[in-house]
Amino acid sequence: MYNTKTIDLSIDFENGVKQASNYIKKDELVAFPTETVYGLGANAFSGDAVAKIFKAKGRPQDNPLIVHVDSIEMASKLAYINDDARKILEEFWPGPFTAVLKKKDIVPAGVTAGLDSVGIRMPSSDAMLEVIKRTRCPIAAPSANKSGSPSPTEAYHVENDLVGRLPLILDGGSCKYGVESTVCDLTTHIPLVLRPGAITVEQIKELTGSVEVSPNILTPLLSNEKPTSPGMKYKHYAPHADVFVIKGEKKSLVAKTNEMYDEDIANGDKPVIFCFKKDVAYFGSRNVMIQGGNDNINEVAKYLFKNLRDIDNLGYTKVYFESLPTTGMGLAVMNRIIRAAGFKLILVK
Ligand code: TXA
Ligand code: MG
């Protein structure tokens, strides 16, 4: 057990980075804020340090980690980068974009779960970049949640999940995007999006001319299907409550949501409806959670995981989400929501 400390970077940036660098050099874990979600970091060159990540999170051993670097140059020590891939990295780094590339031997097998590719990202987080620069260690970091919980977008989410399991959490406030990075396989002839994020499919297509999207982003894996990314196999982002996604024309969608809600109440359940502020009136005096001021999908993304955590904290047993358009950031949002719902989609006319 560790006596976990949290350092607020807005007050004590230098001390935070210094202590984090010392822990990383000693093969200990540090939780870092990034622009996507908080990451649970360790020296990617050390098999021992990496093993601690899996233990602290309770993460399945066959789910590979993303390695964070401070430059394309550092990435090129870990993986083979051809001209096409370089052009993509130059455009999207630093940022919420993870490139899956053919790995070099220097990357320990524990990081990649034995795959011959490695996921690499250059984040735009000042603290993490500074620690990578000072230690010269690339940092392997999955999201800093307990395996199966929503990714943390606030330092206290990390504390709630992992206190006692690591020595240090760096608090950088709320994460800018709130959903994890876009994971894109660049080992294929055409870039293949494995997990959608804030770098959108449209942006990748505009840069490269063509892009493919994994079929499992919005639909479940069939039992005999091999996942394009190991992370897809696992149940993710699932609150204890029963979550439903309702899709259809607004009027019937509202009627169906209200009907199900009222049945829940009659059955002694505690339901809640996720909606935009502008839509609150449709649901009368029913319990709602606001997922953004208006139709701003970036706001929905930013608060999505916090809202999913709050569902459990507030004891809701049934949750209704309106299906949102899957363009741009909408694909990342619906990818997380449909998983939280265990793929329960209700279609109304
Ligand atoms: O935004 C993010 O990506 C955050 C921050 C901390 O950087 N990290 C993150 O890591 O979300 P994690 O471990 O929670 O999710 C990594 C995903 C998993 O679904 C994993 O299966 C996939 O990336 N992945 C990693 N390496 C891969 C590889 N070589 N091939 C295919 N998928 C890979
Ligand atoms: Mg994760």
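Just a few scattered comments:
- The C-beta contact set for segment 5-16 (first residue within 22 Å of ARG165 (Cα to Cα) and part of a helix (DSSP H, G or I), second residue modelled with pLDDT of 95 or more and open to solvent by 80 Å² or more (accessible area, probe 1.4 Å), distance under 9 angstrom, 6+ apart or interchain) comprises LEU9/ASP126.
- Filter result for ASP269 (touching a residue at least 40 places away in the same chain (Cβ under 8 Å) and open to solvent by less than 60 Å² (accessible area, probe 1.4 Å)): yes
- Which listed residue is touching a residue at least 60 places away in the same chain (Cβ under 8 Å) and in contact with a Pro (Cβ under 7 Å, 6 or more places away or on another chain), from GLY110, GLY119, GLY58: GLY119
- Across segment 317-349, the number of residues qualifying as open to solvent by less than 40 Å² (accessible area, probe 1.4 Å) and on the phi > 0 side of the Ramachandran plot comes to 1.
- Pairing residues of segment 31-52 that are away from ligand 2 (no atom under 16 Å from the Cβ) with residues that are modelled with pLDDT of 95 or more and among the hydroxyl-bearing types (Ser, Thr, Tyr), at Cβ distances under 9 Å and at least 6 apart in sequence or on separate chains, gives ASN43/THR135.
- Any hit, segment 74-89, residues being part of a strand (DSSP E or B) and away from ligand 2 (no atom under 16 Å from the Cβ): yes
- Residue check, ALA113 closer than 30 Å to GLU206 by Cα and not charged (D, E, K, R): no
- The set of residues from segment 241-266 being assigned to a helix (DSSP H, G or I), open to solvent by less than 50 Å² (accessible area, probe 1.4 Å) and among the small types (Gly, Ala, Ser) comprises just one member, SER252.
The values are calculated or read from the model by the stated rules, or taken from the named source; none is laboratory data. All of these numbers come straight from a predicted model, not from anything done at the bench. Because the Cβ atoms are built from the backbone with ideal geometry, glycine has one as well, and the counts that use them run over all protein chains shown. Accessible surface is based on the protein model in full, side chains and every heavy atom, while ligands, DNA and RNA are left aside. Shrake-Rupley method; radii C 1.70, N 1.55, O 1.52, S 1.80 Å.
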